[in-house]
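Undergrad: Could you have a look at this structure, given as structure tokens, before my questions?
The values are calculated or read from the model by the stated rules, or taken from the named source; none is laboratory data. Because the structure is a prediction, the values reported are computed rather than measured. All Cβ positions, glycine included, derive from the backbone under ideal geometry; neighbour counts span all protein chains shown. These area figures cover heavy atoms from the full protein model, side chains too; ligands, DNA and RNA do not enter into them. Shrake-Rupley method; radii C 1.70, N 1.55, O 1.52, S 1.80 Å.
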Amino acid sequence: MSINNRIDAQKRADDIHIFSDELQRLERDGVLQLDQTQRLAVTTHHQTLLASFAQSFDIDRDSQAKQLSLGMRITSFLGAAALAVSVFFLFYQFWGWFSTLVQVATLIAAALATFLTTLWIQQKDSSGYFAKLAALVAFACFVLNIVMLGQIFNITPSDKALLPWAAFALLLAYALDLRLLLVAGLLCVIAFVAARVGTWSGMYWLDFGERPENFFPAAIALFFVPRFIDHRRFAGFASPYRIIALLALFLPMLVLANWGAGSYLPLHSKTIEVLYQILGFAGTALAIWLGIRLHFAEVVNVSVTLFVIFLFTKMFDWWWTLMPKYLFFLVLGLTALLLLFVFRRLRTASIVQTETSKDIAS
Amino acid sequence: MMWNRKRTVIAGVALIMGVNIFALAGVFFNRSGTAESTLKLSERELTPPRWRDNKEDSGLSLKISWRVLPPEPIAKTAPDKNADDYTLYPSYSGESDWLNESKMIALGFDPSSANSRLDERSSATNQKTRDVMLVLQLNGSAYETALKRAIKYNSGSKENVKMMINERDKNSRLFVIDAGLNATTLRTAYPDRSQYAIVRGQIRPSWNADNKKKLAGVVSKLNVDTLHVPLKLRHTFDGASLILDEAPAAKLVRYEADVAFGQRLEPWITAATRK
């Protein structure tokens, strides 16, 4: 297994710890006993590996470090968000006192400077927390750059601004291994494609949200991107594509399942609502099956959640006014239990199938 | 192709500079040559935002205050207090006689779908807002009509008198009077570039108040309805009042600004003076 990034390094370190714990158990139970030479070789090898990972990727070497890491990640995100917002307010506080030339120069300089600073920080910071913070600020500066240019020169708002934002976010995401900016980039892509589809249908681009079907083409395309573009060098990057694709597909369906008037289809609203309810249930069930078959855990989890939401909103429609509230929530709870039994059976069947495949292979 | 740090730097810098150059090139093109139109707008048509006291924003933007002339049938209602008051309210967006079914068809709206969805809700909301070209008229026939109505339907009540005075001294004289899909065609119909400006805006479908099966339209907004004031012109607008409804006409800060509309129909302030 080649180690290209922090996630791979952390996984390898965790495997080493698990191996050490299991080896101790086996020795205690008398199943396996390494001699002194073998033990020394394994320990030295593992310690060398862990040291190199710590130096190159700043991994968590134990559970305490892991807990602190989580705290650092949350702090990094909150700090980045606060700094990004402060950039906006800082500019708004002073920009009125600058001439147009100074305003434009400041905007461009801020975007360039924060971008270059981010790359410099990435070289110095092996943990990635500070680089993530700087990257978010750089993204905020670039967004501010375009927004303020529009305001200064009274430029007509256009969906085309979403493209460079997406490109910048994706550039930073792939260069610095940042999934948060990957998500930001993908959201910009979805918004742009939805706005374009809306424009082609004749509506004003900013109203694209009023026709939820505008999101479908982008959602379907995004789901298949990891299939056609190899993401093995970028651990954890394929999942956001699938998660966002599923949300962009099924959340609009959920809206249409309750608001048929928002559809392009020339049918009665009630018919459209029933159609999308059926599509929602069938689609999420299909996605669950697909996720299990292809071992996409995130697809299964998101699809299960969406399936349950579809089910609960439908049950609300049917029974909220008909039943006493205690009975309604009791039925919801029992339905959840039933679903748990179903998923447990699916899980057991999946495990059996996997073990059968391994037996055949061996 | 191996991606490395050097390529990242080049790509990022090229993206930032490229986008800025593209945007500024568009601005330069818009402001090049002779302006498509230039209107002299006063404090009645260019109003400061209501949150002017916001200390977090040092910039100054003025809102283009535009109106439509509402349909005459409201004014034809038998004189009673409610009808008069309704007639005298300045209509800042809404329906107008010129935005009838034939105009909506010319703009690309489909009248047949107005009846295709048999819902309780408005069937015209089946179609969404469209981007069109709008014709703005400054201090022309539309404003004269609005002023005549204010005088004609002034019942003498304190409210009506105030509304009549507002119409004469404070309300915007900038009216949307026509719409189309082609700026050249509209300019041929309205050649006076000092009284008529062609801008991009939005129209949404509605239904005729008298006949719910007939398609009508509502001018909902201009695409660019806020103008940034550059630093060199800021002093002209110092002290401009926010709350025009409450400020007496005599206490208003009066100013006049030349607003040019360029090749892309985007506006900017070229000059401004205090009156």
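Undergrad: Could you give the nm distance between label points at residue A:308 and residue A:83, where each point is 7 Å from its Cα heading toward the beta carbon?
TA: Taking the two extended label points, one gets 3.7 nm.
Undergrad: Give the accessible area for residue A:27 in Å² (nearest 10); use a 1.4 Å probe, count only protein heavy atoms, and leave out ligands, DNA and RNA.
TA: 40 Å²
Undergrad: What percentage of the solvent-accessible surface of chain A, computed with a 1.4 Å probe over protein heavy atoms, is contributed by carbon and sulfur atoms?
TA: Details: 13510 of 19630 Å².
For chain A, the apolar C and S fraction of the accessible surface comes to 69 percent.
Undergrad: Take each complete run of DSSP H in chain A, measure how far its Cα atoms stretch along the helix's own axis, and keep only those covering 18 Å or more with mean Kyte-Doolittle hydropathy at least -0.5; list them.
TA: Numbers: long enough: A:6-28 (33 Å, -1.15); A:36-57 (31 Å, -0.12); A:63-94 (46 Å, 1.00); A:100-124 (36 Å, 1.18); A:129-152 (34 Å, 1.92); A:162-176 (21 Å, 2.05); A:179-200 (31 Å, 1.88); A:216-228 (19 Å, 1.65); A:238-258 (31 Å, 1.65); A:269-293 (35 Å, 0.98); A:297-319 (33 Å, 1.29); A:325-361 (54 Å, 0.93).
Span-like helices here: A:36-57, A:63-94, A:100-124, A:129-152, A:162-176, A:179-200, A:216-228, A:238-258, A:269-293, A:297-319, A:325-361.
Undergrad: Jot down the per residue volume, in cubic angstrom and as a whole number, of the convex hull over the alpha-carbon atoms of segment A:1-139. Write down the numbers at each step before the final one.
TA: On the way: hull volume 14.7 nm³, N = 139.
Taking only Cα atoms, segment A:1-139 has a hull volume of 106 Å³ per residue.
Undergrad: Let me ask something else about it. I'd like the interface area for chains A and B: accessible area of each alone minus the complex, both sides summed, 1.4 Å probe, protein heavy atoms only. What is it in Å² to the nearest 100?
TA: Summing both sides, the interface buries roughly 4100 Å².
Undergrad: What's the FRET efficiency of residue A:340 with residue A:258 using the Cβ-Cβ distance as r and R₀ = 22 Å, to the nearest 0.05?
TA: Working: r = 26 Å, r/R0 = 1.18.
It comes to 0.25.
Undergrad: What distance in nm separates the two pseudo spin-label positions at residue A:75 and residue A:15, each 7 Å out from Cα along the beta-carbon direction?
TA: In this crude label model, residue A:75 to residue A:15 measures out at 3.1 nm.
Undergrad: List the residues of segment A:150-176 that lose 40 Å² or more of accessible area once all protein chains are present, compared with their chain alone (1.4 Å probe, heavy atoms only, no ligands or nucleic acids).
TA: Listed by number, the residues meeting the 40 Å² cut-off are A:153, A:154, A:155, A:156, A:171.
Undergrad: Near the amide H of residue B:272, under 5 Å away, which other amide H atoms are found, from residues 5 or more places off or on another chain, if H is placed in the peptide plane?
TA: B:258
Undergrad: Here is a follow-up. Could I have the simple spin-label model distance between residue B:152 and residue A:221, label points 7 Å from Cα toward Cβ, reported in nm to one decimal?
TA: Each label point is offset 7 Å from its Cα along the Cβ direction, giving 5.4 nm.
Undergrad: For segment B:139-197, which whole percent of the accessible surface, found with a 1.4 angstrom probe, sits on carbon and sulfur atoms?
TA: 54 percent
Undergrad: So, one more: Rolling a 1.4 angstrom probe over the protein chains, ignoring ligands and nucleic acids, what is the accessible area of residue B:112 in square angstrom, nearest 10?
TA: Around 80 Å² of this residue is reachable by solvent.
Undergrad: Specify whether the C-alpha gyration tensor of segment A:164-322 places it in the rounded, prolate or oblate class, a ≥ b ≥ c being the square roots of the eigenvalues: rounded for a/c under 1.5, otherwise prolate if a/b is larger than b/c and oblate if not. Each step should come with its number before you reach the end.
TA: Values: a/c = 2.47, a/b = 1.36, b/c = 1.82.
Oblate, because a/c is 1.5 or more while a/b does not exceed b/c.
Undergrad: If you don't mind, another one. Just give the residues from segment A:112-149 buried by at least 10 square angstrom of accessible area in the all-chains context relative to the isolated chain, probe 1.4 Å, and say none if nothing qualifies.
TA: By number: A:112, A:115, A:116, A:119, A:122, A:123, A:142, A:145, A:146, A:149.
Undergrad: Starting with the highest mean, order A:122-129, B:222-229, B:38-45 by the number of other Cβ atoms within 10 Å, averaged over the residues of each peptide. Walk me through the numbers on the way to the answer.
TA: On the way: A:122-129: 15.8, B:222-229: 19.5, B:38-45: 21.0.
The peptides rank, most packed first, as B:38-45, B:222-229, A:122-129.
Undergrad: So for the protein assembly as shown, taking the charge dipole from beta-carbon charges (+1 Lys/Arg, -1 Asp/Glu), which of A:309, B:135, A:275 sits furthest toward the positive end?
TA: Looking along the dipole axis, the top candidate is B:135.
Undergrad: Quick query: amide H of residue B:206 versus all other amide H atoms, modeled in the peptide plane; which residues come in under 5 Å with a sequence gap of 5 or more or a different chain?
TA: So residue B:206 has HN proximity to B:216, B:217, B:218.
Undergrad: How long are the three semi-axes of the equivalent ellipsoid of segment B:145-222, in whole Å, if each is the root of 5 times an eigenvalue of the C-alpha gyration tensor, listed from largest down? Don't jump to the answer; show the numbers that get you there.
TA: Numbers: eigenvalues 167, 85, 22 Å².
Whole-Å semi-axes of the equivalent ellipsoid: 29, 21, 11.
Undergrad: To two decimal places, what compactness ratio does segment A:66-153 give when its Cα radius of gyration is scaled by 2.2 N^0.38 Å?
TA: Numbers: Rg = 14.7 Å, N = 88, 2.2 N^0.38 = 12.1 Å.
Working it through for segment A:66-153, the quotient is 1.22.
Undergrad: Something else now. Enter the mean number of other protein chain beta carbons within 10 Å of the beta carbon of each residue in B:264-270, as an integer.
TA: Working: counts 2, 1, 5, 1, 3, 1, 0.
Per residue, the average neighbour count from other chains is 2.
Undergrad: Which of A:3, A:19, A:42 sits farthest toward the positive end of the charge dipole of segment A:1-61, with +1 on the Cβ of Lys and Arg and -1 on the Cβ of Asp and Glu?
TA: My answer, from the dipole projection, is A:3.
Undergrad: Once the convex hull of the alpha carbons of segment A:1-61 is built, what does its volume come to per residue, in cubic angstrom?
TA: Working: hull volume 4.9 nm³, N = 61.
For segment A:1-61, the hull spanned by Cα atoms encloses 80 Å³ per residue.
Undergrad: What is the set of long-range amide H partners of residue B:46 at a cut-off below 5 Å, with H atoms built 1.01 Å from backbone N?
TA: B:65
Undergrad: What do you get when you divide the Cα radius of gyration of chain A by 2.2 N^0.38 Å, with N the number of residues? Provide the component values of the computation, followed by the final result.
TA: Details: Rg = 25.7 Å, N = 362, 2.2 N^0.38 = 20.6 Å.
Against the empirical 2.2 N^0.38 Å value, I get 1.25 for chain A.
Undergrad: 222 nm [θ] for chain A, helices only, -39500 (n - 2.57) per DSSP H run of 4+, per residue, to 500? Provide the component values of the computation, followed by the final result.
TA: On the way: 12 runs with 282 residues, N = 362.
Rounded to the nearest 500, the figure is -27500 deg cm²/dmol.
Undergrad: Return the whole-Å distance between the Cα centroid of segment A:105-183 and the Cα centroid of segment B:159-184.
TA: About 43 Å separates the Cα centre of segment A:105-183 from the one of segment B:159-184.
Undergrad: Tell me the per residue accessible area of the protein assembly as shown using a 1.4 Å probe; a whole number in Å² is fine. Walk me through the numbers on the way to the answer.
TA: On the way: 33310 Å² over 637 residues.
On a per-residue basis, the protein assembly as shown sits at 52 Å².
Undergrad: Go through segment A:202-211 residue by residue and turn each phi into a ³J(HN,Hα) via Karplus (6.51, -1.76, 1.60, θ = phi - 60°); whole Hz please, and just put x for glycine and proline.
TA: Running phi through 6.51 cos²θ - 1.76 cosθ + 1.60 with θ = phi - 60° gives x, 8, 5, 4, 5, 8, 4, x, 6, 10 Hz.
Undergrad: Between residue B:183 and residue B:165, what length comes free when the chain is fully extended (0.36 nm per residue of separation minus the Cα-Cα distance, one decimal in nm)?
TA: Details: separation 18, 0.36 × 18 = 6.48 nm, distance 3.54 nm.
Value of the extension gain: 2.9 nm.
Undergrad: How well do other chains shield peptide B:224-234, expressed as the mean number of their Cβ atoms within 10 Å of each residue Cβ?
TA: Details: counts 6, 1, 2, 2, 10, 1, 7, 9, 2, 0, 2.
The mean count of partner-chain Cβ atoms within 10 Å per residue comes to 4.
Undergrad: I've got another one for you. Can you list the residues in segment B:1-32 whose accessible area drops by at least 50 Å² when all protein chains are present, compared with the chain alone? Use a 1.4 Å probe, heavy atoms only.
TA: B:5, B:8, B:15, B:16, B:19, B:20, B:24
Undergrad: Dipole of chain A, Cα-centred, from +1 at each Lys and Arg C-beta and -1 at each Asp and Glu C-beta, to the nearest 20 debye? Display every interim value, and only then the final one.
TA: Values: 27 positive and 23 negative charges, 62 e Å.
Dipole magnitude for chain A comes out near 300 debye.
Undergrad: Extent of the protein assembly as shown along each principal axis, from alpha carbon coordinates, in Å, largest to smallest?
TA: The Cα atoms of the protein assembly as shown stretch 108, 62, 44 Å along the principal axes, largest first.
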